[in-house]
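Written out below as structure tokens is the structure these notes cover.
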Amino acid sequence: MGYRAVFAVREFRAVFAAHALSTLGVVVAEIALSVLVYGITGSPLLSALTYALGLLPYALGGTLLSSVADRFPARRVLVVCDLICAACALGMAAPGMPVVALLVLRVVTAAVSPVFQGTRAATLGDVLGDGELFVLGRSVIRIVGQSGQLVGFGVGGLLLGVVSARAVLVVTVVTFLGSALLLRLGTLARPARPGSGGTLLRSSLSGLRLLFADRRIRALLLLSWVPPMFVVVSEALMTPYAAGLAPGWLGLLMCGMPIGAILSQSLAGSLLGPRGRARLTLPVAVFSSLPALGYVFEPGPGWALLLQVLTGFGIAYTLGLDQWFVAAVPEELRGRAMTVMTAGLMTAQGLGMALAGLAAEFFPVHQVIYGGGVVGLVCVLAVLRLVRRTEDRTLSPRPAR
């Protein structure tokens, strides 16, 4: 069974196309908003803040709004999230919109992102089942996300070269509306999951307590968050690391990690079965921190590009993690679990980037990347101990609650 079997499912094709459109819209909107804010203010700080505000609200949205993914029908949640993003992009494109309002709209789109992504991940279980197809479907979604970054930056740059930033934002409105239409017409209407009553906040927090009370789920959440927190260190510091190189090198180095991630997930999904991916999950999670150790030698651009590609290869551990996670989470908590996983992942990456930037204020960049690899390796090994202690939970039937 491979990716062809996933695309044979009509409903998944609609989810795939919608994800490609919305990802493109998000990336292009980020670039356009950054250019728009900088053009209005001339402030590099405020321009950079448009990117930071895309990560910071994840923790809040994932914590307080996680029950949305379970208490409302999934298709309705996905369509409404796309419509909210379209409305925000349209507001950003409005002439005379104050910078504060632009940043508030950015926060709104970022706050609904974990809800959208968690609901979509849970929906894949409904569309593809809980087995092999679900894992491959999640892999495809990640590949689209990585590819969307590469394509989105290129498309955004080209559009900004011929039209204004506000006009580019109008284009992203079309991508969000297109995604909403595909989801509305291409996916089935399913009822809300059972057991998600009570107020929105209370249901979200109670779901969070249930997830973290389970040793297996808690260990797998840490496994999904800790390696990426350190993997992003080199990417976050690539601009200062590439200072003084020929202009084209920075773009190549930034592409290295997404390329490695796309190749590794494609190969693991195509060539390995569930058992093979499960066996490689923990070793590959450890491997994800190893390429950063090569920066101790302050490598030249060619070697640094190779290290970035190898770092991207470490992302393949998530395929085995997905099959463990969906087996560990009860059906009634799946939407909340996927939302929390997504929110925690983005928050961990944002924290890793911030700490890396802070450390680089006091130490040479290549030493910070190397140090991130060392600390990351220690932390990943600690998480692996927790995961191994709960491995029997994956092999035995889930106990009744």
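Taken together, the values in this text are just the output of simple stated rules run on the coordinates, not laboratory data. This structure is a prediction, so every number in the text was calculated from the model and none was measured. Every residue, glycine as well, gets a Cβ built from its backbone with ideal geometry; the counts of neighbours run over all protein chains shown.
Points worth noting:
- Expected 222 nm ellipticity per residue - DSSP helices of 4 or more, -39500 (n - 2.57), all of the chain, to 500: -27000 deg cm²/dmol
- Listed peptides 116-122, 381-387, 161-167, 337-343 appear in the order 337-343, 116-122, 381-387, 161-167 once ranked by packing, highest mean of other Cβ atoms within 10 Å at the front.
- Sparsely packed loop sites in the stretch 308-381 (the GluC sites (Glu not before Pro) outside DSSP H, G, I, E and B with at most 12 other Cβ atoms within 10 Å) comprise 361.
- Label assignment, Cα Rg over 2.2 N^0.38 Å derived from the structure, set (i) 0.96; (ii) 1.01; (iii) 0.92: (i)
- Efficiency of FRET between residue 209 and residue 4 - r from beta-carbon atoms, R0 41 angstrom, step 0.05: 0.50
- Charge dipole (debye, nearest 20) of the stretch 209-319; +1 at Cβ of Lys and Arg, -1 at Cβ of Asp and Glu: 660
- Counted charge near residue 102, where neighbours are those whose Cβ lies closer than 15 Å (Asp, Glu -1; Lys, Arg +1): +1
- Taking a ≥ b ≥ c as the square roots of the eigenvalues of the alpha-carbon gyration tensor, the stretch 214-393 is classed prolate because a/c is 1.5 or more and a/b outweighs b/c.
- Cβ-derived FRET efficiency at R0 35 Å, residue 107 paired with residue 246, nearest 0.05: 0.40
- In order along the stretch 257-264, the phi-based Karplus estimate (6.51 cos²θ - 1.76 cosθ + 1.60, θ = phi - 60°) of 3J(HN,Hα) comes to 5, x, 5, x, 5, 5, 5, 5 Hz; Gly and Pro are listed as x.
- Inter-label distance for residue 374 and residue 267, nm, one decimal - labels placed 7 Å from Cα along Cα-to-Cβ: 3.0
- For the stretch 382-391, the Karplus equation 6.51 cos²θ - 1.76 cosθ + 1.60, evaluated at θ = phi - 60°, returns couplings of 5, 5, 4, 4, 5, 5, 5, 5, 10, 4 Hz by residue, with Gly and Pro reported as x.
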